[in-house]
Amino acid sequence: GVLVLEPIAAAAELGLDRAAANVVGLPDTWAREGLDVRFRKGGERFKPPHAAHHRTLKAWLRERGVVPWMRERIPLLYHGERLVAIADLAVAEDARRALPDETRWRVRWLDHPRID
């Protein structure tokens with residue numbers, strides 16, 4: 001597949017209010033500082049939006065019905081050493097705490113095989 005970052009020009013474009021757009025988008029500062037694309041190796045932890053605690057990526061993918069043979073093929077976006085997005089499936093809680101009025105980038109994963 002192909003990973004694309006698209007600017008979220010306005011939350012209204014997604015039918016969301018500004019607070020909701022913060023959940024689906026990565027902050028512009030992170031994009032400018034650089035994001036790394038990696039694949040699952042095992043042991044990754046992720047804090048989903050509104051979650052009280054981190055989860056293992058393995059458990060999170062299993063709960064969402066991702067088939068086992070696709071779990072290692074899903075692109076993971078890192079800001080430094082922090083896992084901040086699982087393809088276009090989820091953005092980490094950390095993204096919500098970034099500057100609220102900052103431009104956001106939506107992750108889109110295109111032309112990929114079925115994951116469920």
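Every number here is computed from the coordinates shown, using simple stated rules; none is lab data. Because the structure is a prediction, the values reported are computed rather than measured.
So between Leu99 and Leu5, what do we pick up on full extension, going 0.36 nm a residue minus the alpha carbon distance?
Gain on stretching Leu99 to Leu5: 32.0 nm.
Once a ≥ b ≥ c are taken as the square roots of the eigenvalues of the Cα gyration tensor of the stretch 67-116, is the result rounded (a/c under 1.5), prolate (a/b larger than b/c) or oblate (a/b not larger than b/c)?
Note, shape of the stretch 67-116 comes out prolate.
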